[in-house]
Amino acid sequence: MSQQAKVLIFDSGVGGLSVYQEIEARLPQLDYFYIFDNAAYPYGELDHQTLLARVNRLVLNMVAKHQIDLVVIACNTASTIVLPSLRAELSIPVVGVVPAIKPASNLANKAVGLIATPATIKREYTHELIRDFSQSKPVEMLGSTRLVDMAEEKLRGKAINIEELTSLLAPIQNKVDVAVLGCTHFPLIREEIQAVLGDQVLLVDSGEAIARRVQELLAIKETEQEKGGREIFSSAPPWEEGALNQTLQLLGFSSVNPCQIEI
Ligand code: DGL
């Protein structure tokens, strides 16, 4: 495949940017298209059928419109249900992000914390991951939409309230030695989570593994330093758009464009 492959990254909000950063650091030469379905945010509280219909519609449209070569569903909440239908519809690779239970369990001595959205911790898919890959270590689950909101706020320039974060993370505090960041929004507030849980807790996410997988699927051996294009689309006008656009510029994007896809 060509070195200028077009990659589409999908999330409900800014969380997928944490995955974009990992892929982009490895493969800056690719053309990146990022779309977020903020009209239906937060996905962690959306019903199964609505989520499935929205992701399919947005992704299939973007793929056709921009001749995408590879899709990354940079959202744990969506990946745990949309991958089979997207893969059935598309002839290009579709990479999903699911909670990194297996590596976390291998690294843990005591217990694993899974920090994710309320939907992800309820999903059968997640329970299967735990059954299959963490038989010997207990997994403490923590589902929170407020944590997702905090990452959205941070990318609009708002500081994280450490006191609030401390009370949100209290259910796993001092109980686990490895914590999975099972929502792509959370690496964006990794430093703050680390400060609250303490240095003795190892934080694990799927970003780097996804970047490696993308490189492998596109069969790219050499990386080039010359950057490709970066475009970002949303399904609704984002709140605090000006502040968000400032952060997006630092990540190499221009301002958010409306995706103009009716759902
Ligand atoms: N970033 C998403 C995830 O990885 C979902 C956040 C949300 O919309 O609830 O699960």
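Read the figures in this text as sums done on the coordinates, not as results from a lab. A quick note: this is a predicted structure, and the numbers were derived from the prediction, not measured. Please note: Cβ atoms are built from the backbone with ideal geometry, for glycine as well, and neighbour counts cover all protein chains shown.
Label zone of residue 209 (point 7 Å out along Cα→Cβ, amide N under 16 Å): in region 60-76 this covers 73-76. Listed by Cβ neighbour count within 10 Å, with the fewest neighbours leading, 199, 11, 205, 69 appear as 199, 69, 205, 11. Per residue, the Cα convex hull of the chain amounts to 122 Å³. For region 3-48 versus region 133-170, the inter-centroid distance based on Cα atoms is 20 Å. Over the chain, DSSP H runs of length four or greater, each weighted -39,500 (n - 2.57), average out per residue to a 222 nm ellipticity of -12500 deg cm²/dmol.
Ranked by Cβ crowding within 10 angstrom, fewest neighbours first, how are 46, 197 ordered? Please report the intermediate quantities before stating the final value.
Numbers: 46 19, 197 22.
Sorted ascending by nearby Cβ count, the order is 46, 197.
Label separation (residue 107 vs residue 89): 3.4 nm, computed from points 7 Å beyond Cα along the C-beta direction. The charge dipole of region 119-170, taken about its Cα centre with unit charges on the Cβ of Lys, Arg, Asp and Glu (plus for the first two, minus for the last two), comes to roughly 60 debye.
Estimated at 0.36 nm per residue, the fully extended path between residue 236 and residue 223 surpasses their Cα-Cα distance by 1.2 nm.
Shape of region 45-194 from its Cα gyration tensor (a ≥ b ≥ c, root eigenvalues): rounded if a/c is under 1.5, otherwise prolate when a/b > b/c, or oblate? Intermediate results must be reported in sequence, preceding the final value.
On the way: a/c = 2.23, a/b = 1.43, b/c = 1.56.
Since a/c reaches 1.5 but b/c is at least a/b, the shape of region 45-194 is classed as oblate.
Summarising the label geometry, the points placed 7 Å from Cα in the beta-carbon direction at residue 246 and residue 194 lie 2.5 nm from one another. Peptides 183-189, 212-218, ordered by how many other C-beta atoms sit within 10 Å of their residues on average, highest first, read 183-189, 212-218. Each of 47, 37 was scored by other Cβ atoms within 10 Å of its Cβ. Arranged with the fewest first, they read 47, 37.
Springs between Cα atoms under 10 Å define the GNM used for the chain, and in it the highest mean-square fluctuation of 230, 190, 131 occurs at 131.
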